[in-house]
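The values are calculated or read from the model by the stated rules, or taken from the named source; none is laboratory data. Bear in mind the structure is a predicted one, so any value in this text is a computation, not a measurement. FYI the Cβ positions are ideal-geometry reconstructions off the backbone, even for glycines, and counts take in every protein chain you see.
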Amino acid sequence: MLYFDSAATLPVKDSVLSFYAEASHRFFANSGSLHEEGRKAAKELEKARRDILQTLSLPLSYKVIFTSGATESNNLLIKGLARRYAGRGKHIITSLGEHPSVLKTCKQLEKEGFSVTYLSLDSSLGAVSPSTLKEALRKDTILVSLMAINNETGAISPLEEYQQILSSYPKAIFHSDFTQSMFKGPLTPPYQAVDALSFSSHKLGGIKGHGVIVMKEKLDPFPILDGGGQEYGYRSGTVDVPGAMSVAFALKECQKEEKEVTNKVTLIRQKIENYLLEHKEDYKVHSFPLTSPYILNFSLIHQKSAVLLEYLSSKGIAVSTVSACSSKKEEASAPLLAMGESLALAKNSIRLSFSSLNSLEEVDTLLMHLEEARKTLVDRNL
Amino acid sequence: MIYSHLILHFGELSTKGLNKGYFIGELVRSINRMLKKKYPSLRATSDHAHAYIALKEEISLSALLSSLEDIPGIQRITPVCQSERDLDSLKKNALLLMKEEKFSTFKVHVRRPDHTFPISGYEIARTLGGAVLANIPSISVDVNHPECTLEVEIRSDAAYLSCHSYPGAGGYPSGCAGRSLMLLSGGIDSPVASYLLFRRGLRLDFLHFAAPPYTSSAVIDKLADLLHTLSAYQEKILLHVVPFTNLQLSIYEHTDEPYCITLMRRMMLRIASIYAEEKHIPSLATGESVGQVASQTVESMRAINAVTSMPILRPLVAMDKLEIMKVAKKIGTYDISIRPYEDCCTIFKPKKPKTKPKEKECLFYESRWDYNLQIEEAVEQIKSYQLQEDGTLLLLEKENKQ
């Protein structure tokens, strides 16, 4: 299997797994227990929080909350912050290109009486242009949620420019979904640009089922889960201490490898993009001034993306599309639509995403099959 | 629960002279297959006249009845109550039964298979009838056209009382009416057609046309789920998958768009006929309903049928889509059928299909290339799967052709 779907998930790294296995045995106790074993686990949990902040070069005063994944992190932050600070205002800003865990959460808040502005993406940036954000801001804006790197297109958002604009709106809390953006090379926006960020462990080669919220100390989201008051009361439930430790470990591993892997995937992406650009009549590459080297998104001009996915899958190559092979339920890529791409191209987009597991030799195989598919697959506009 | 047994009446079986034993055996096997799955504590037995299920206290009668109503070959289901053979017990149970019923006229019908029983049938009927009249208000006896009949049967072990029957699915027991090769797409219609044919006692093999990469390989999982649902009606289920891509592409290369679907159906039937012949299956079956889509007009059926001499069973031919959907929901295939993954991707869907195709035109298009070779190749490469107990499909090794 040639795996070009790293943005969906990654296999757990051997180093993480063995670290996790050992931690599971050594620190199995409930971090809320008062006996020696419990206190040991609680200490490790606090150390994991510190480790994460140190790895991200963030002040140790920040809060780190462990959740079940980025979806829960986004839900807890957006719902929790909106509900907590509703007294200051009821306006939220996000973009049409966000992940469903942000978009649907905002839709839910609309039902609860919040007003949400969904910004379009700038077609040249692939992200919200700073001036659009500026125009949308209101006196009663309490929350802005804009992702750092788009999970479908790889477009990088200018978070620092957003931050500068937001500095004159002290009521507006700035959240960013960093799920595709943890240690993804020098272009990645700085973690310091936002008030709160969320990410998950499995996209870093960590254990599945673990997510993180990192936020400034002053933030106080209203909890979704009530119970024993773990995680500062924000997320009740017995804490998976070995899991939390494994997240901190996986993050550190990513930081160590960042430079090497980024160099490698940059070459891989470049090679594939070059091929695609040679056939402009068949492919439209979605490229932006700031694009993650880990993601390459292109649309098929004449073919159906579901057919190409099926074709590549039968050759043992995994890629990603938005829509399945179905006439009834054809979905289109939200970010591509949000930047004004045509429906046909938004429906027929393919995402390739890369990791340390890929090699340039794999790219040769991929390109061979892409070329074969380009020549043989039947035109969709029959 | 007042009832102790269910009596299952055979339907059209009574017309089956010497084969009757075989039919009854098949029916009891299919009843027990259902019981084993849903009610492991129950078992059906039979004699030359009926099948029987001894009930248990914890069983929900209405749920069991609705499961039995799906089984082809059962005409009528009668819950009966077992009673001591003395008159007091008979009276008590007769009243319990009759109080559940709504009627204004009734009669009592007594049979005494145990002729040594000391009380005469007339005497029993008179006593029980009197008791019912005395205890249920505003009813009368009508021996000619009663709304409700209290049946009493005195056997040597006990007496049995009943007064209500439920309709069964009718038809013939699974597998008794011969075999057919069903073209299964994965949509709503073909599973319903399969169910109706099962009910008529047919044994089905399933044939699916796959055109990867234009159709998703995930469709196989969907088919497995559909077949798993249909496995309530047939013990052993085989799915044969035809690789159809090459033919499909040739059709689209050589045919003008409006005729593509007609030619595709003709090629499918050719392949199905050859394969059915190979497997000694004497008929084909489809989920077509007249007029539903362009390829299902009578003109179209004529142009398509022309390629085979096999009978093509179309049990849905006169059913409305809404009726079909209703049956699909009843047998539990609807929710599976509406999952995405088309049998044929939209790429191959012509914008304006011919609603009244002519065979002459079909022959003209087909003369443009040698499709026979592709048909042979497709038949050669058919893969057969057997549905497993757990609902997965197991690829069968090809039998060596002699």
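Do the conditions hold for A:Ser198, that is, is it touching a strand residue (DSSP E or B) at 6+ places or on another chain (Cβ under 7 Å) and either assigned by TED's automatic domain parsing to the domain that holds A:Gln54 or among the acidic types (Asp, Glu) (or both)? Here the answer is yes, as A:Ser198 does meet what is asked. The strands (runs of 3 or more DSSP E) found entirely in the stretch B:153-212 that carry 2 or more residues being modelled with pLDDT of 90 or more and closer than 22 Å to B:Leu238 by Cβ are B:179-183, B:203-210.
The listed residues are B:Ala51, B:Ala94, and the only one of them that is assigned to a strand (DSSP E or B), more than 22 Å from B:Thr229 (Cα to Cα) and of a type in the set (Gly, Ala, Ser) turns out to be B:Ala51.
Those helices (runs of 4 or more DSSP H) of the stretch A:94-178 in which at least 2 residues are in contact with a Ser or Thr (Cβ under 8 Å, 6 or more places away or on another chain) and at negative phi, considering only elements entirely within it, cover A:100-111, A:130-136.
Residues of the stretch A:335-353 that are among the basic types (Lys, Arg) and under 17 Å from A:Ile295 (Cβ atoms): A:Arg351 alone. Across the stretch A:275-292, not a single residue is classified as hydroxyl-bearing (Ser, Thr, Tyr), modelled with pLDDT under 95 and more than 26 Å from A:Glu161 (Cα to Cα).
Kindly check whether there is at least one residue in the stretch A:314-323 that is part of a helix (DSSP H, G or I), at pLDDT 95 or above and either within 12 Å of chain B (Cβ to nearest Cβ) or under 30 Å from A:Pro158 (Cα atoms) (or both). First the steps, then the outcome.
Going through the stretch A:314-323, the residues part of a helix (DSSP H, G or I) turn out to be A:314.
Filter once more, keeping what is at pLDDT 95 or above: none.
No, every residue in the stretch A:314-323 fails to be part of a helix (DSSP H, G or I), at pLDDT 95 or above and either within 12 Å of chain B (Cβ to nearest Cβ) or under 30 Å from A:Pro158 (Cα atoms) (or both).
Take the residues in the stretch A:329-365 that are touching an Asp or Glu at 6+ places or on another chain (Cβ under 6 Å) and assigned to a helix (DSSP H, G or I), then tell me which one is surrounded by the most Cβ atoms within 10 Å (Cβ to Cβ). Among those residues, the one meeting the criterion is A:Pro335. For the stretch A:84-93, the condition holds for at least one residue, the condition being that it is surrounded by 24 or more Cβ atoms within 10 Å (Cβ to Cβ) and more than 28 Å from A:Asp240 (Cβ to Cβ).
Can you tell me which residues in the stretch A:275-305 are within 14 Å of another protein chain (Cβ to nearest Cβ) and of a type outside the set (D, E, K, R)? Write out each step before concluding.
Pass one, the stretch A:275-305, residues within 14 Å of another protein chain (Cβ to nearest Cβ): A:300, A:302-305.
Residues satisfying the conditions are A:Leu300, A:His302, A:Gln303, A:Ser305.
Considering A:Leu146, A:Leu125, the condition of being touching a residue at least 40 places away in the same chain (Cβ under 8 Å) and surrounded by 23 or more Cβ atoms within 10 Å (Cβ to Cβ) is satisfied by A:Leu146 alone. Annotation: of all residues in the stretch A:366-382 being within 13 Å of chain B (Cβ to nearest Cβ) and acidic (Asp, Glu), the one that is surrounded by the most Cβ atoms within 10 Å (Cβ to Cβ) is A:Glu372. Annotation: A:Lys256 fulfils all but one of (1) closer than 30 Å to A:Ala29 by Cβ; (2) of a type in the set (Lys, Arg); (3) within 14 Å of chain B (Cβ to nearest Cβ); the unmet one is (3).
Scan the stretch B:23-33 and give yes if some residue there is surrounded by fewer than 12 Cβ atoms within 10 Å (Cβ to Cβ) and within 23 Å of B:Tyr160 (Cα to Cα), otherwise no. No, the stretch B:23-33 contains no residue that is surrounded by fewer than 12 Cβ atoms within 10 Å (Cβ to Cβ) and within 23 Å of B:Tyr160 (Cα to Cα). Being within 12 Å of chain B (Cβ to nearest Cβ) and not in a loop (DSSP other than H, G, I, E, B) is a property that A:Leu308 has. Do we find a residue being within 19 Å of A:Gln255 (Cα to Cα), surrounded by 24 or more Cβ atoms within 10 Å (Cβ to Cβ), in the same structural domain as A:Ala172 (by TED's automatic domain parsing) and of a type in the set (A, V, I, L, M, F, W, C) anywhere in the stretch A:72-81? Looking for residues that are within 19 Å of A:Gln255 (Cα to Cα), surrounded by 24 or more Cβ atoms within 10 Å (Cβ to Cβ), in the same structural domain as A:Ala172 (by TED's automatic domain parsing) and of a type in the set (A, V, I, L, M, F, W, C), one finds none in the stretch A:72-81, hence no.
If you scan the stretch B:73-119, which residues turn out to be aliphatic (A, V, I, L, M) and under 38 Å from the mean Cα position of the chain (by Cα)? Once the filter is applied, which keeps residues that are aliphatic (A, V, I, L, M) and under 38 Å from the mean Cα position of the chain (by Cα), the stretch B:73-119 yields B:Ile74, B:Ile77, B:Val80, B:Ala94, B:Leu95, B:Leu96, B:Leu97, B:Met98, B:Val108, B:Val110.
Restricting attention to the stretch B:221-269, which residues are over 22 Å from B:Pro353 (Cβ atoms), in contact with a His (Cβ under 8 Å, 6 or more places away or on another chain) and either within 13 Å of chain A (Cβ to nearest Cβ) or outside any helix (DSSP H, G or I) (or both)? The answer is B:Leu239, B:His240, B:Val241.
For the stretch A:20-36, the criterion of being assigned to a helix (DSSP H, G or I), surrounded by fewer than 20 Cβ atoms within 10 Å (Cβ to Cβ), touching a residue at least 12 places away in the same chain (Cβ under 8 Å) and aliphatic (A, V, I, L, M) is met by no residue. The residue that is surrounded by the fewest Cβ atoms within 10 Å (Cβ to Cβ), counting only those in the stretch B:104-156 that are of a type in the set (Gly, Ala, Ser) and without any contact (Cβ under 8 Å) to a residue 40 or more places away in the chain, is B:Ser138.
Residues in the stretch B:34-67 that are surrounded by 14 or more Cβ atoms within 10 Å (Cβ to Cβ), farther than 18 Å from B:Tyr166 by Cβ and of a type in the set (Gly, Ala, Ser): B:Ser46 alone.
Screening A:Lys271 on (1) out of contact with any Lys or Arg (no Cβ under 8 Å at 6 or more places or on another chain); (2) of a type in the set (Lys, Arg); (3) within 14 Å of another protein chain (Cβ to nearest Cβ) shows it passes everything except condition (3). The residue that is nearest to the other protein chains (Cβ to nearest Cβ), counting only those in the stretch B:199-220 that are farther than 17 Å from B:Met267 by Cβ and small (Gly, Ala, Ser), is B:Ser216. Scanning the stretch A:272-323 for residues that are within 14 Å of A:Arg374 (Cβ to Cβ) and acidic (Asp, Glu) returns A:Glu278, A:Glu281, A:Asp282.
Taken over the stretch B:57-72, the residue count meeting the criterion of being within 27 Å of the chain's Cα centre (by Cα) and assigned to a loop (DSSP other than H, G, I, E, B) is 6.
Based on what the data block shows, is B:Ala276 in the same structural domain as B:Ile375 (by TED's automatic domain parsing), of a type outside the set (Val, Ile, Thr) and in a helix (DSSP H, G or I)? Answer is yes for this residue.
Every test in (1) modelled with pLDDT under 90; (2) under 18 Å from B:Gln82 (Cα atoms) is passed by B:Ser138 save one, and that test is (2).
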